[in-house]
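Visitor: The structure is given below, and queries will be raised subsequently.
The values are calculated or read from the model by the stated rules, or taken from the named source; none is laboratory data. Everything numeric in this text was worked out from a predicted model, so none of it was measured. Glycine also receives a Cβ, built like all others from the backbone with ideal geometry; neighbour counts cover every protein chain displayed. Side chains included, ligands, DNA and RNA excluded: accessible areas come from the protein's heavy atoms. Shrake-Rupley method; radii C 1.70, N 1.55, O 1.52, S 1.80 Å.
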Amino acid sequence: MTDQHSDKDEKKGLSRRQFLKNTGMVAGGVVGGSLLGGLLTNEYQKKQEAQIKEEAAKGAALQEARMFFSRKEDFDILGAATERLFPQDDIGPGAIELGVPYFIDKQLASYWGTNAKEYMRDPFRQNSEEHDYQHKDSQKDKTGPNTDSQTPVPTPRYQSRLTRAEIFIAGLRKMEQVSRDKFKKKFVDASPDQQDQVLKMFENGKVEMQGVDSVTFFNLLLKTTIEGVYSDPLYGGNKNMQGWKMKEYPGPRASFADVIEAEDFVKMDLQSLKDYQKFA
Amino acid sequence: MAKRLKPVDVVVVGSSWAGGVVSAELSKAGYKVVCLERGPKRVLEDFTGVKDELRFTNRFELMQNLSHETITSRSNIDEVALPVRTREEMMAGTGAGAGSVHWAGATYRYWPYDFEIYSQTVKRYGKNKIPEGMMLQDWGVTYKEMEPYYERWEKTAGISGERDPLGERKSDYPNPPLKESPPIKLFKQAAKNLGYNPYQVPSANVSQRYENPDGEVINACMYCAFCTQYGCDFGAKSDSLVTVIPTAQKTGNFELRTESYVRRVLHKGGKATGVMYVDTKTGQEYEQPAKVIVLGAFTFTNNRLLLLSGIGQPYDPKTRQGVIGRNYNGQFNITFRGARGFFNDKKFNLYAGAGALGGTFNDLNADNFDHSNLDFIHGGAVELRQYGDGAIASNHVPAGTPAWGPEFKKKSIHYAHRNVVVWYTPAIMSWWHNYVDLDPTYKDDFGDPLLRVTYKYTDQDRAIAKFGVEKCAEIVKEMGADIVDKDDIPQEFDHIYQGGHYAGGVIMGSDPSTSALNNYLQMWDMENLFVVGASAFPHFGGHHPTATVGALAYRASEGIEKYLKKGGMLTEAKKSNIA
């Protein structure tokens, strides 16, 4: 009987964590009795958790190589800029620790970075009208019934013949040039305040760029930074779900039917798409 | 060379609600139906286990690939239009089920006032209430005539809701309303305190397991929040893939052909003979002959196919003559304006929700309030919706907060679960200068011209939006918000097409000089061609459009069946009431 039971468990791939979950110990169950208490804190478990963490860290590190940016210098400027947009503080990690630069690198290497699903045919009008469109400050979360769910950054009309990936390269190199011209320093060596001044010049469209407006580059940079902080960890940002942890965002779930009427805030364990797909 | 296929009774373009309802009804009646869909095949399994905010909400996974085709857009009739190039600026569904798959699920009926808007406005306020250039006209059908079709569509879709205290409806909704979350309770109480009549938003996120009259089963909503811009992985959001498409398939009379891009409606001697389409996998052109052709695609496609095929007289804004492209309307960046409230001592579970979960009221909609001293006509619903916020989306901060840096980080995290938005969904009138035609410069993959939109706002639009913002702010304040931020009113259209609610261009009516279709959506100029969808709306009511699209599709199906039996025009043309 006992053997049968364990066979069955093994077939189902029932992990120890799953066992704990099923017995209600992880999912808010009250831990009672010395045996179970001991089970939770014993040496074996500590060792196992440390091992898992180490492996996870190694796995993530292997993915943290540049896929799109060939020059390290460009990538370092990107890192420094994203950290100013979403800095480390007493609430939690900033963009660099969250893996945002790697997230952006991967995005720019994807179909999105190469504008594969966008209309990229001539003629691209480069005139005053186009300039106005680029400067239109339309908050994305206020442009329709289904779009309260968009990242709240401005979305000027895209009328550049450059792809997003090309805009990033041009924008980061321009930031470097502005920093050197203005402060006689590399962007990465400039003080946080000086870095902010450079970013603001781009944000306000004060920098001349070729084939694209500096505000378009800035909006892309800001949008992708926020996305890198909060998207599912599968994309390389939101490392170890630390972005979600700060925000108390639980991750994808099969159901919130039990929570929807709750008067108080319900804080949950974090779950990523990887966890969700195990059961889907 | 196009390969000629075996003729069928009916060919339908588009597989969303419009094309789907027509496909189901006619194949049930025993006719051979082929439905052509430009996008890929999709099944429920495509939506299982992919709750990924970046992929669907920010990268628009379910939307049209614009590298093949888009639209161009401009404000004034003498400007050069620019292409809408990116999916951040354009949201149009594609693939089996199309727009019905990614929709939120709010399902309101339009008001009796909407269908007779010209007559009723003149009757109550006199002709002078209608400004010059507003193309106000009756729809050629009354609410009373539309009610049975609304009821049929609501039963097919399993709509969950409760009666609007101000509304007129014969039967109850087929399912009870969705659950009330704390923000909705707070909204309703505040609305009551201010003398309004709130109720639960009618929803196609179905509140309990439901079997529709065709025997299709829709599951119960889980409030998982992955709803709008996603396909539902539980089959709990009503769309054409869980309702009318399988109903059509069961008859054995129906074939859905995906990756089939229709380029022309073929016609000869004033009658449609079929459609020409391309299999986008192979590039092979096909001619599909049929007795009846139904355009049941999105507003843009319905308009463009007629213009490309040379059917009907194109509208010319300079002479105000012609019908195809006329009365283009919809909900743009001036709609869905309201007020956002931030709370210091309240924290909501905003990560949970559903597409159409919300509270609403209609005291400020249609002609439910006196417009004698107001500088606009019509109105809109006031709504609080709890879609369920993703982590990327929930970055709302009080006005004056920087868009990035330490203060942004702190406040965006602090307020992530402590804010609500109440908005107004105003009606949009049609104007002589707002229309669609073919672009002279930009082309699609096949060298065909893109559709060009010409659209700008008027004083009516700005006045109605401002009115709504003020009312929404009063409600948010009454809800107890510590900070109340009112939305700005945009002066001009920003040419961003994110809402998905675009209408008109091929409108219904009773006078062939001012409408393209009769009230069965049959073309005045071509009796065996029916154009189904929001493209038939002469103006946009103060509500989300889908229930009216569904109801009109049932009415059109009835008309098509009548036509297949008897032939001829189904209604008589007459001089209609028009501004």
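Visitor: What helices does chain B have that are whole DSSP H segments, at least 18 Å long along their own axis by Cα, and with mean Kyte-Doolittle hydropathy of 0.0 or more?
Guide: On the way: long enough: B:143-157 (20 Å, -1.98); B:459-478 (29 Å, -0.47); B:546-566 (30 Å, -0.25).
Long hydrophobic helices here: none detected.
Visitor: Of the listed pairs A:K72/A:K174; B:K170/B:K192; A:K247/B:K410; A:K206/B:K466; A:K72/A:K106, which have alpha-carbon separations greater than 21 Å here?
Guide: B:K170/B:K192; A:K206/B:K466
Visitor: B:Q284 to B:K562: extension gain in nm, 0.36 nm per residue of separation minus the Cα-Cα distance?
Guide: Between B:Q284 and B:K562, full extension yields 96.6 nm more.
Visitor: Still on this structure: If you put +1 on each Lys and Arg Cβ and -1 on each Asp and Glu Cβ, how big is the dipole of the stretch B:91-142 around its Cα centre, in Debye rounded to 20?
Guide: My answer is approximately 200 debye.
Visitor: What's the whole-number percent of alpha carbon pairs in the stretch B:241-385 lying beyond 18 angstrom? Please list the in-between numbers first.
Guide: Working: 7956 of 10440 pairs.
The answer is 76 percent, as a whole percent.
Visitor: Let me ask something else. Give the average over all directions of the projected area of the C-alpha convex hull of the stretch B:109-218, one decimal, in nm².
Guide: Result: a mean projected hull area of 9.4 nm².
Visitor: What's the carbon and sulfur percent of the protein assembly as shown's accessible surface, probe 1.4 angstrom, rounded to a whole number?
Guide: C and S atoms contribute 50 percent here.
Visitor: For the stretch B:290-337, place one equal point scatterer on every Cα, skip the solvent, and apply the Debye formula. What is log10 of I(q)/I(0) at q = 0.29 Å⁻¹?
Guide: Calculated log10 I(q)/I(0) at the listed q: -1.11.
Visitor: Placing +1 on the Cβ of each Lys and Arg and -1 on the Cβ of each Asp and Glu in the protein assembly as shown, which of B:S260, A:M201, B:S412 has its Cα farthest towards the positive end of the resulting dipole?
Guide: Value computed over the given set: B:S260.
Visitor: Test of understanding: what is the full-extension gain from B:R209 to B:M276, defined as 0.36 nm times their sequence separation minus their Cα-Cα distance?
Guide: Net length gain for the segment: 20.0 nm.
Visitor: Grab the DSSP H runs of chain B that are 4 residues or longer, score each as -39,500 (n - 2.57), total them, divide by all residues and round the 222 nm result to the nearest 500 deg cm²/dmol.
Guide: -6500 deg cm²/dmol
Visitor: Taking each residue in B:72-85, count the Cβ atoms of any other chain within 10 Å of its Cβ, then average. What number comes out?
Guide: 3
Visitor: Let me ask something additional. What size of dipole, in debye to the nearest 20, comes out for the stretch B:449-556 about its Cα centre when the only charges are +1 on Lys and Arg C-beta atoms and -1 on Asp and Glu C-beta atoms?
Guide: 280
Visitor: In addition: Taking amide H positions as placed in the peptide plane 1.01 Å from N, state which residues far from B:H267 in sequence (5 or more) or on other chains have amide H under 5 Å from it.
Guide: B:T273
Visitor: If each of B:F369 and A:R71 carries a label point 7 Å out from its Cα toward its Cβ, how far apart are those two points in nm?
Guide: Taking the two extended label points, one gets 5.9 nm.
Visitor: Another question, if that's okay. When all C-alpha to C-alpha distances in the protein assembly as shown are sorted into bins of 20 Å, what percent of pairs does each bin hold, rounded to whole numbers?
Guide: That works out to 15, 47, 31, 6, 0, in percent per bin.
Visitor: Continuing with the same structure: For the interface of A with B, what's the total buried accessible surface in square angstrom, probe 1.4 angstrom, rounded to the nearest hundred?
Guide: 7700
Visitor: Per 10 Å bin, what percent of the C-alpha pairs of the stretch B:379-509 does each bin hold, from zero upward?
Guide: 9, 29, 30, 20, 11, 1
Visitor: Which Cα, out of B:H68, B:N128, B:W153, lies furthest along the positive dipole direction of chain B (beta carbon charges, K/R +1, D/E -1)?
Guide: Positive-most Cα among the choices belongs to B:W153.
Visitor: Tell me, what is a quarter of the convex hull surface for the C-alpha atoms of the stretch B:1-115, in nm² with one decimal? Present the calculation step by step, with values, prior to reporting the outcome.
Guide: Working: hull surface 50.1 nm².
Convex hull of Cα atoms, orientation-averaged projection: 12.5 nm².
Visitor: Next question, about the same structure. Enter the mean number of other protein chain beta carbons within 10 Å of the beta carbon of each residue in A:112-118, as an integer. Working shown, then result.
Guide: Values: counts 6, 0, 0, 5, 3, 11, 12.
Average per residue, whole number: 5.
Visitor: Let me ask something else about it. Please report the accessible area of B:K466 (heavy atoms, 1.4 Å probe, ligands and nucleic acids excluded) in Å², nearest 10.
Guide: 120
Visitor: Let me ask something additional. With a cut-off of at most 10 other beta carbons within 10 Å, and DSSP calling the residue loop, which trypsin sites (Lys or Arg not before Pro) in the stretch B:252-347 qualify? Please list them.
Guide: For trypsin sites (Lys or Arg not before Pro) across the stretch B:252-347 that sit outside H, G, I, E and B with at most 10 neighbouring Cβ atoms in 10 Å, the list reads B:K281, B:K318.
Visitor: Rounded to whole Hz and in sequence order, give me ³J(HN,Hα) for the stretch B:517-533 from the Karplus expression 6.51 cos²θ - 1.76 cosθ + 1.60, θ = phi - 60°, writing x for Gly and Pro.
Guide: So the J values, rounded to whole Hz, are 10, 8, 7, 9, 6, 8, 6, 4, 8, 7, 5, 9, 10, 10, 10, 10, x.
Visitor: Considering only B:Q386, B:I507, B:T360, whose Cα is most displaced toward the positive end of the charge dipole of the protein assembly as shown, charges sitting on Cβ of Lys, Arg (+1) and Asp, Glu (-1)?
Guide: About the Cα centre, the residue reaching furthest to the positive side is B:I507.
Visitor: For B:R152, B:R452, A:R157, B:R462, give the ranking by accessible area with the largest first, probe 1.4 Å. List each step's numbers first, then the result.
Guide: On the way: B:R152 105, B:R452 30, A:R157 5, B:R462 50 Å².
Final ranking, largest accessible area leading: B:R152, B:R462, B:R452, A:R157.
Visitor: Convert each backbone phi in the stretch B:496-512 into a coupling constant with the Karplus relation 6.51 cos²θ - 1.76 cosθ + 1.60 (shift: θ = phi - 60°), then list the ³J(HN,Hα) values in order as whole Hz, x for Gly and Pro.
Guide: 9, 10, 9, x, x, 9, 10, 8, x, x, 10, 8, 8, x, 10, 10, x
Visitor: I'd like the accessible area for B:F298, computed on protein heavy atoms only with a 1.4 Å probe and all protein chains in place. Round to 10 Å², please.
Guide: 70
Visitor: Would you mind checking the stretch B:143-169 for residues with the amide N under 19 Å from a putative spin-label position 7 Å along Cα→C-beta of B:R124?
Guide: Residues B:143-145, B:164-169 qualify, since their backbone N sits under 19 Å from the label point.
Visitor: Determine which residues of the stretch B:199-238 fall in the zone a paramagnetic label at B:T48 would reach in this model, i.e. backbone nitrogen under 11 Å from the point 7 Å along Cα→Cβ.
Guide: Answer for this model: B:233-235.
Visitor: What is the distance, in nm, between label points placed 7 Å from the Cα along the Cα-to-Cβ direction at B:K443 and at B:E168?
Guide: Computed distance between label sites B:K443 and B:E168 equals 5.3 nm.
Visitor: Just reorder B:K51, B:K170 by solvent-accessible area, largest first, 1.4 Å probe, all chains present.
Guide: Details: B:K51 10, B:K170 155 Å².
Greatest to least solvent exposure: B:K170, B:K51.
Visitor: Given a 1.4 angstrom probe, what's the average accessible area per residue across the protein assembly as shown, in square angstrom?
Guide: On the way: 32160 Å² over 859 residues.
Per-residue value: 37 Å².
Visitor: For the stretch B:4-16, what does the Karplus curve 6.51 cos²θ - 1.76 cosθ + 1.60, with θ = phi - 60°, yield as ³J(HN,Hα) per residue in whole Hz, taken in order and with x for Gly and Pro?
Guide: Karplus values, whole Hz, x for Gly and Pro: 7, 9, 5, x, 10, 6, 9, 10, 10, 9, x, 10, 7.
Visitor: Moving on. Using only alpha carbons, build the gyration tensor for chain B and give me the equivalent ellipsoid semi-axes, biggest first, whole Å.
Guide: 36, 27, 24
Visitor: Further question on the same structure: Determine, at each q value in 0.15 (inverse angstroms), the log₁₀ of I(q)/I(0) that the Debye formula gives when each Cα of the stretch B:198-271 is one equal point scatterer.
Guide: -0.69
Visitor: Sticking with this structure for a sec: Hey, can you grab everything whose amide H is under 5 Å from the amide H of B:D482? Only 5+ residues off in sequence or another chain; H modelled, so Pro and N-termini drop out.
Guide: Amide H neighbours of B:D482: B:F342, B:F343, B:N344.
Visitor: Name all residues of the stretch B:480-503 having a backbone nitrogen under 17 Å from the label point set 7 Å from the Cα of B:D345 along its Cα→Cβ direction, giving them as ranges.
Guide: B:480-484, by backbone N distance to the label point.
Visitor: May I pose another question? Taking 35 Å as R0, compute the FRET efficiency from the Cβ-Cβ separation of B:K477 and B:R320 and round it to 0.05.
Guide: On the way: r = 44 Å, r/R0 = 1.26.
According to the calculation, E is roughly 0.20.
Visitor: Let me ask something else. Evaluate the stretch B:241-314: find the radius of gyration of its Cα atoms, find its Kirkwood radius, and give the ratio Rg to Rh.
Guide: Details: Rg = 13.7 Å, Rh = 13.8 Å.
Ratio of gyration radius to Kirkwood radius: 0.99.
Visitor: So, one more: Rounding to the nearest 20 debye, state how big the charge dipole of chain B is about its Cα centre with +1 on each Lys and Arg Cβ and -1 on each Asp and Glu Cβ.
Guide: Computed charge dipole of chain B: roughly 560 debye.
Visitor: Return, for the Cα atoms of the stretch A:154-254, the radius of gyration and Dmax in Å, separated by a comma.
Guide: That works out to 16.1, 54 Å for Rg and Dmax.
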